[in-house]
Amino acid sequence: MVTPGPTRPDRRTFLRITAGAAVVLPLAACSSDAGADTVRIAYQQFGSGTNLKDWLSASAKTFTAAHPGLSVELVPIVAAENDYFTKNELLMSSPRTSADVVYEDSFIMLSDVGAGYLRPLDAHIKTWDHWGDVVKASREAFTAEDGHVYGAPQTTDTRALFYHRDVFEEAGLPSTWEPTSWDDILEAARAIKDSDSEAAPLFIFSGKAQGEKASMQGFEMLLYGTTSRLYDEDTKKWVLGSQGFVDSLSLLRMIFEEELTLPVSQHLDPNISESIYSTMIPEGKLGILLDGSWITRNWAEGSPGEWPEWTEKVGLAKMPTKDGQDPGTLTLAGGWGLTIPQHCRDEDAAWAFIEAATSTENSLAFAIADNHITVRKDVAAKKEYQEYAPSVEFFTDLLATAYYRPALPAYPEVSAAIQEAMEAVMSDAADPKKAAADYDAAVTDIVGAENVQEESR
């Protein structure tokens, strides 16, 4: 486990900062008089979506049918992503407010392990029918550096390039596009800019306003296409002086310098993704987007932005490595799973609920309703899964070349430092080398000098 450096800010303080000053933490409102025979399930509720609630409700029926003496209480935490992490952390910190099962993002789970909020699940995992069905990368993402497993993985997501075929046609580009290097992407973007199309050529999430989205489906989709990494798994140290870090920032700087993307002001709009999904792509105002597998749900039948023609208008391309080196393409994967907090009142009952929720049938129904990528081979083998969405096979196959973030306790702060470096080059406040050097200094402050190393070349 990474040892916190002496100048590292308190994690709770950090999350409060990233969540914003307006966060309200209604601890009292989330406390419950539920007895020990009630399993309390905490999950994120954001917007009008009910897929998560529907899955947990169906799982509760499965669970109570098998355990008639027990009941389930769903505890929705109404919050956007960073606010959810903050509220959930504070709820888990007290036996008075803690739920018995928590739906966690792998992005924050290991940080919660480091804070002592979660129980290891090794004894349960040994008897779980589906641990062997979980893809290797996802099993590793839910295993901490102490070697213990802290969650049952349930969903994932992968990332790739979306391109608009009408925009490509205007630019004289092929309707089936398979870039093999960063240069291929730049050439396509330049062709769009030089064409009669009014579309912005390319969009990569960048800067602090986009939060973790900028780090993961923006910067790290570039960095992991080089030979550099953020963290050395063998030495357990964060990597400084990375050539890939500089190269990734240089690509971003080039995109802004050559005006191959939207203006900086639009990149700094935290709601820009909504405009991209609801209008810019459907109306052909954006040529290429680097983004995640879930965005097609915005255009699915019955959604507010229903767009039946999207499969004809939007092409999908794998993200190439920098120069086309092995393995040729890559993706970053994330995902959520179910965990058991330290203050859980009945661990066996909590695990029994997790087993019910992660049955093949309940997992399949959730994947289809939620339009997400499964991490499970048994679910992926189902015909209903393979046919539920036009892009599901493409995005599921990407897991073969997936990387997970080093979601260690320090990662949220490292991620913030990445976003600062991106913003420095996109706004021309620093050149890529200076921005990378500032990142190196920030990471050293975050984790301590004893936990960093220079990249070996």
Looking at (1) touching a residue at least 40 places away in the same chain (Cβ under 8 Å); (2) within 16 Å of Gln419 (Cα to Cα); (3) not polar (S, T, N, Q), which one does Leu223 not meet, given that it meets all the others? (1)
Exactly one of (1) surrounded by fewer than 23 Cβ atoms within 10 Å (Cβ to Cβ); (2) within 20 Å of the chain's Cα centre (by Cα) is unmet by Glu104. Its number? (1)
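The rows are residues; the columns are (1) open to solvent by 40 Å² or more (accessible area, probe 1.4 Å); (2) of a type in the set (D, E, K, R); (3) in contact with an Asp or Glu (Cβ under 6 Å, 6 or more places away or on another chain); (4) at negative phi.
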| residue | (1), (2), (3), (4) |
| --- | --- |
| Ile418 | no, no, no, yes |
| Met422 | no, no, no, yes |
| Met426 | no, no, no, yes |
| Ala429 | yes, no, no, yes |
| Lys433 | yes, yes, no, yes |
| Asp438 | yes, yes, no, yes |
| Val443 | no, no, no, yes |
| Val447 | no, no, no, yes |
| Val452 | no, no, no, yes |
Residues within region 120-139 that are closer than 28 Å to Leu90 by Cβ and either at pLDDT below 90 or buried (at least 20 other Cβ atoms within 10 Å of the Cβ) (or both), tallied: 4
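Asp112 - would you say it is at pLDDT below 95, open to solvent by less than 40 Å² (accessible area, probe 1.4 Å) and charged (D, E, K, R)? Walk me through how you get there before you give the answer.
On the way: at pLDDT below 95: yes; open to solvent by less than 40 Å² (accessible area, probe 1.4 Å): yes; charged (D, E, K, R): yes.
So Asp112 fits the description; yes.
Taking the conditions exactly as written (out of contact with any Ser or Thr (no Cβ under 9 Å at 6 or more places or on another chain) and either at pLDDT 95 or above or open to solvent by 20 Å² or more (accessible area, probe 1.4 Å) (or both)), does Tyr163 satisfy them or not?
Numbers: out of contact with any Ser or Thr (no Cβ under 9 Å at 6 or more places or on another chain): yes; either at pLDDT 95 or above or open to solvent by 20 Å² or more (accessible area, probe 1.4 Å) (or both): yes.
When the stated conditions are applied, Tyr163 passes them.
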Unmet criterion (only one of (1) touching a helix residue (DSSP H, G or I) at 6+ places or on another chain (Cβ under 6 Å); (2) at pLDDT 95 or above) for Pro390: (2)
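Could we say that Gly207 is at positive phi and in contact with an Asp or Glu (Cβ under 7 Å, 6 or more places away or on another chain) here? Walk me through how you get there before you give the answer.
Details: at positive phi: yes; in contact with an Asp or Glu (Cβ under 7 Å, 6 or more places away or on another chain): yes.
So Gly207 fits the description; yes.
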Among the numbered criteria (1) in contact with a helix residue (DSSP H, G or I) (Cβ under 9 Å, 6 or more places away or on another chain); (2) buried (at least 22 other Cβ atoms within 10 Å of the Cβ), which single criterion is violated by Gly147? (2)
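Among the residues of region 344-355, which ones are more than 16 Å from Asp133 (Cβ to Cβ) and not in a loop (DSSP other than H, G, I, E, B)?
First, pick out the residues of region 344-355 that are more than 16 Å from Asp133 (Cβ to Cβ): 344-353.
Selection gives Glu347, Asp348, Ala349, Ala350, Trp351, Ala352, Phe353.
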Yes/no for Leu262 being at pLDDT 95 or above and within 19 Å of Ala200 (Cα to Cα): yes
Can you find, within region 141-180, the residue that is farthest from Asp196 (Cα to Cα) among those that are acidic (Asp, Glu) and touching a residue at least 40 places away in the same chain (Cβ under 8 Å)? Asp146
Mind counting the residues in region 143-176 that are within 19 Å of Pro327 (Cβ to Cβ) and not aliphatic (A, V, I, L, M)? 3
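Look through region 358-385, keep the residues that are aliphatic (A, V, I, L, M) and in contact with a strand residue (DSSP E or B) (Cβ under 6 Å, 6 or more places away or on another chain), and return whichever of them is farthest from Met109 (Cα to Cα).
This residue is Ala380.
The values are calculated or read from the model by the stated rules, or taken from the named source; none is laboratory data. Small disclaimer: the values here were computed from a predicted structure and weren't measured. A quick note on method: Cβ atoms are made from the backbone with ideal geometry, for glycine too, and the neighbour counts reach across all protein chains shown. With ligands, DNA and RNA removed, areas are computed over all heavy atoms of the protein, side chains included. Shrake-Rupley method; radii C 1.70, N 1.55, O 1.52, S 1.80 Å.
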